Amino acid sequence: MITLTSDVADLILQRTLGENSLGLNNSINRMTTGYKVNQAKDNAAGYSIITDLSKKISSMLQVQQNTDDGISLLQTAEGGLEEVQKLLERLRDLATQASNGTYDSDTRESMQAEADQIIEQISQIRDSIKYDNQNLYYKENNVKTSVTTQSRIMKAQVFSLSAQSGTIEGAEAFAGGETRTITIDGVQYTVKNKLSTANDLSYSKDTSTGELTLTASNFEIRGQEDVSHNLVISGRSNNIYGSSKDDILSDTLTSGSNVFYGLAGNDTVMLNGNGSRVYGGDGDDVITLLGSACQVYGEAGNDTINLERAATIAEGGDGDDIFNIKVSTNWKINGNDGNDTFNIIGNQKNLNINGGSGINMVTGEINSTMTLVNVDRANSYTVDFNKNETKTININGIDYIVTNGTTSQTLIYKINDDGQIEFSTSGAQMTIKGDVNKSHNVVLKSSRLVFYGGNIGDEIKISGDVTVYCGDGDNTITLSSSSIVYGGKGKNIFNISTSGCTVYSKSKDDTINVSGNYNYIQCENGANVNIKSGMQNMVWNLSGTGTIIDNGKNSFISGFGDLDNSTAILLDANANEIIKVNGIEYSIKNRQAVQRALFYSVNAVTDEVSFAGIYVDIKGQDDVEHNVNLYGFRPVFSGGSRDDSIKAFGHDLVINAGDGDDTVVFSGNYGSIYGGDGNDLLFMDATNGNLYGEAGDDTLTINNNLNGQINGGLGNDTYNINAQVTNLSDTGGDNIYNVNANDINIFGGPGADTFYLSGNNNTVLGAGGDDYFVIDG
């Protein structure tokens, strides 16, 4: 039986109707959503692509939202920075207004108050500007990431913000001769600029240790009287005063020529630099000397003085002092008053110890090279002299007539095992005349001694700056310190192993052996001169036939015939002469009361004029250009108003280049170069010396590690620093600093300076002006 549900036609109709309904539903769905593929069954591959694109679109929409949030954050930060910019502009206006030097201290304090409020507002903005509760300008960390911004304001104070807790940093700028009290971490320091031009100092205090490092030169610094100080000085030519408390004072290895005053209290002082002095003052002080050529004065109190390096003088002063001596030195070590102890540590030599009054002791190993006076193991004797007093002293059966100078002092003499007599004094002038009928074997160890020998034949050794008049015997003179020696009529042997000596030979039979530098030898009747080594030795034979062997460097020889390489001009004591060399006039002055010669030569190819002399001033003609080389011992050369070219090779010389655009190259051993007016080119190839550009746009180039001062002076100067410099500052101008060195201190001037820095451990203080820094390394 066939029913409706089994009717074939109806079934076909029903299926067709269902398919049409499904198609209609799909069409309606597509029309409603606007999508061709709404489900995976619509198009499996297409649906997969659509799903992936949907995820990407969603991510991009979130990125856009994040960008909008970032823009909002930056707009918030920008608003705060705009306010900071306005405050900084006002701060700069105050700095410019206050730096003209016309305002009194009250006005400057008012300006300072406004500046302090500006700084406080900047700090408030830094702390308060937030986005979603996050500070936009400040984040704590343990790494020092700050950049120091310096502004010369009314007190010329430089503010420094550091993210590193425990460190306080800053800087101060001073007008020429200005004295002002500054406060660092609640402690006051009275500071005076010793220069007549602007000068700057910076400071860094480690609050965990209390150590305050001052980077400064040419300042007088007095600490607060009722506070203990822990000071480290990095710089030169400062006077530092402690307090009545127990202070710790020291300087750095690159420092020098500083003077420390411990004042009252049990102070600890350590000298690391060279050429500094310390006065311990009252109290039981501990002074340690690690630098060279320093002076130590313990003064009152029971002091302990540790000599790790040689001091030019070490004095204990009042009290029971202890000296711990770990170095060989012939400089004086004086206990002065009190019961002093001298501990000789190690195998030392040439010590010169005077215990002074009291019961004094020496411990450790002593030997015959030492001079020990007024101690329990003394090997020397003393004779006291009033000023201008004359005494006759018999030593080893020989009479010596001793006449003191204008200062009361003590003559010290020592008799060695071989009968040799050593003479020394406290350094004031004294004359010793030996018996003319005796032979003398003496050592002269102090400066300003004058010694007269006998006529039998003497052996004289010189280790101080002395003057010797030989008798007419056959003498042997050994010169190991700068001195003046007059030979006699006998057959003398002079052995010169030092610098700056003057020897006058009278006999044609004299033999003069030279292995030192910058010495002057004048042969009146011919002599036998052998320059074994050394440089810039000057030899003049006035008459007779002499011989000379020259194995030295840059020797100046005249009066030896074909061996001559220069011309000698005689200069009497303190004489002034005018000479003409290569058509140019030069004014010459002998600065000492002894007769010497000036040597000169001319290079026919380059027209270079070379001068050599000792204690001589040379002033060039003003209206010509000079092309000069300078040699010798402590000469001074002054150029003219034109563009001079000067090369300096001597020892302890001075160059005054004068006006004009000069070129000066210094390759000598210590000296000072002054560029004068004009745009000068100054080159420092020495290790000891000072370079002063003075007025004009100068270029200063340092090619060797330098222990001295560099100052370009007025003008827009350029510094090419290719080696270590201990002290560099500038008076003014917009300067350029090209630094390719390590461990240097640089003080910029008040102008807009540019620093190109390459190197490590350098300290740079830009001071005033809009300074620009480029750091590479």
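Any read-out appearing in this document is the output of simple, stated calculations on the displayed coordinates, not a laboratory observation. These numbers were taken from a predicted model, which means no experiment stands behind them. Positions of Cβ are generated from backbone atoms using ideal geometry, with glycine treated the same way; all protein chains shown enter the neighbour counts.
Summary table
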{"item": "For segment 563-568, Karplus couplings with θ = phi - 60° (6.51, -1.76, 1.60), whole Hz, Gly/Pro x", "result": "8, 5, 10, 7, 10, 10"}
{"item": "For Phe323, distant residues with modelled amide H under 5 Å away", "result": "Ile305, Thr341, Phe342, Asn343"}
{"item": "Within the chain, helix-based [θ] at 222 nm, where runs of 4 or more DSSP H residues each add -39,500 (n - 2.57), nearest 500", "result": "-5000 deg cm²/dmol"}
{"item": "Sorted by Cβ density within 10 Å, fewest first, the residues Ser533, Ser499, Ser196", "result": "Ser196, Ser533, Ser499"}
{"item": "Assigned charges on the beta-carbon of Lys, Arg, Asp, Glu; the chain dipole about Cα centre (debye)", "result": "1500"}
{"item": "For segment 600-721: rounded, prolate or oblate by the Cα gyration tensor [a/c cutoff 1.5]", "result": "oblate"}
{"item": "Neighbourhood charge, 15 Å Cβ-Cβ cut-off, centred on Gly534 and excluding it, Lys, Arg +1 and Asp, Glu -1", "result": "+1"}
{"item": "Kirkwood estimate for segment 389-467, i.e. one over the average of 1/r between Cα atoms, Å", "result": "12.5"}
{"item": "Global geometry of segment 491-565, whether rounded, prolate or oblate, following the gyration tensor of its Cα atoms and the 1.5 cut on a/c", "result": "oblate"}
{"item": "Total charge dipole magnitude, segment 568-775, about the Cα centre, Cβ charges on Lys, Arg, Asp, Glu only, Debye to nearest 20", "result": "980"}
{"item": "Between segment 382-410 and segment 711-748, the Cα center-to-center distance that results, in Å", "result": "53"}
{"item": "In sequence order, calculated HN-Hα J values of segment 300-309 (Karplus, 6.51, -1.76, 1.60; Hz; x Gly/Pro)", "result": "5, x, 8, 8, 10, 10, 9, 9, 7, 10"}
{"item": "Ser408 versus Glu585: modelled label distance in nm, points set 7 Å from Cα along the beta carbon direction", "result": "5.4"}
{"item": "³J(HN,Hα) computed for each position of segment 188-203 - Karplus, 6.51 cos²θ - 1.76 cosθ + 1.60, integer Hz, glycine/proline x", "result": "8, 9, 8, 10, 10, 7, 6, 7, 8, 10, 4, 8, 10, 9, 10, 9"}
